[in-house]
């Protein structure tokens with residue numbers, strides 16, 4: 001008699017079969033796509049814009065570079081990159097087509113159309129050739145990937161030698177009192193805000209829970225090293241509410 005042990009993972013605080021998570025995450029972002037940008041502003045009180053600018057400051061985009069922005073959603077990071085780097089190009093890759101549709105509606109997308117591609121794709125199996133990009137970014141997306149290790153290996157694969165990985169993600173506050181206060185805000189305010197603005201409490205409950213399941217800064221830095229990257233480092237943003245992680249394909 002044989003027993004089939006399915007691999008499990010987390011979907012927020014739920015334990016689910018690995019094969020189910022991608023569809024569940026796709027459902028979340030399909031439901032919130034039309035309100036995604038406004039909810040980001042409301043939830044973070046606009047601070048996500050400061051974090052993305054800090055990401056660009058550290059990244060220092062150069063003219064002619066080719067960017068792959070995975071889980072790029074409505075294009076926020078790609079737009080910033082293209083504004084700072086003349087003659088550069090960007091590919092926004094996201095598993096949820098409705099997010100890309102919302103991104104194409106933005107004024108920046110029309111202005112930069114000749115330098116911008118929109119591709120539906122899975123972070124764990126990217127539809128691009130080896131050594132294709134100079135820069136790989138993923139912002140507030142890697143915690144939603146079923147197997148983070150696979151996504152990091154794919155990032156390494158598609159980057160050219162000398163290419164750079166940069167991850168912006170919610171993280172862990174290294175202060176118990178501040179973490180407690182942030183938890184009170186996250187669990188008591190954000191789902192209610194999601195219900196009022198997006199008519200979807202459950203999706204924002206998941207998003208809050210997924211932040212708590214993401215590994216702390218040092219653990220995630222070790223995961224980046226294990227994928228093959230060198231010169232790995234990170235910077236905390238707003239007391240560690242978010243963190244920027246950097247690595248190089250050497």
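Things worth noting here:
- Residue satisfying all of: in segment 63-92; touching a residue at least 40 places away in the same chain (Cβ under 8 Å) and either over 17 Å from the mean Cα position of the chain (by Cα) or surrounded by fewer than 17 Cβ atoms within 10 Å (Cβ to Cβ) (or both); nearest to residue 123 (Cα to Cα) among these: 66
- Top-ranked residue in segment 137-170 [being under 12 Å from the mean Cα position of the chain (by Cα) and assigned to a loop (DSSP other than H, G, I, E, B); ranked as nearest to residue 123 (Cα to Cα)]: 145
- Among all positions in segment 199-220, there is at least one residue which is free of Cβ contacts under 8 Å to residues at least 40 places away in the same chain, over 28 Å from residue 36 (Cα atoms) and assigned to a helix (DSSP H, G or I).
- Residues of segment 204-215 that are more than 18 Å from residue 172 (Cβ to Cβ) and surrounded by 21 or more Cβ atoms within 10 Å (Cβ to Cβ): 204, 206.
- Every residue from segment 99-114 that is in a helix (DSSP H, G or I), surrounded by fewer than 17 Cβ atoms within 10 Å (Cβ to Cβ) and touching a residue at least 12 places away in the same chain (Cβ under 8 Å): 101, 104
- Residue match in segment 20-37 (condition: touching a strand residue (DSSP E or B) at 6+ places or on another chain (Cβ under 8 Å), free of Cβ contacts under 8 Å to residues at least 12 places away in the same chain, under 21 Å from residue 152 (Cα atoms) and surrounded by fewer than 20 Cβ atoms within 10 Å (Cβ to Cβ)): yes
- So residue 236, is it at pLDDT below 95, surrounded by fewer than 16 Cβ atoms within 10 Å (Cβ to Cβ) and more than 15 Å from the chain's Cα centre (by Cα): no
The values are calculated or read from the model by the stated rules, or taken from the named source; none is laboratory data. As the structure is a computational prediction, the values presented were derived from the model and not from experiment. Neighbour counts are summed over all protein chains in view; Cβ atoms, including those assigned to glycine, are modelled from backbone coordinates with ideal geometry.
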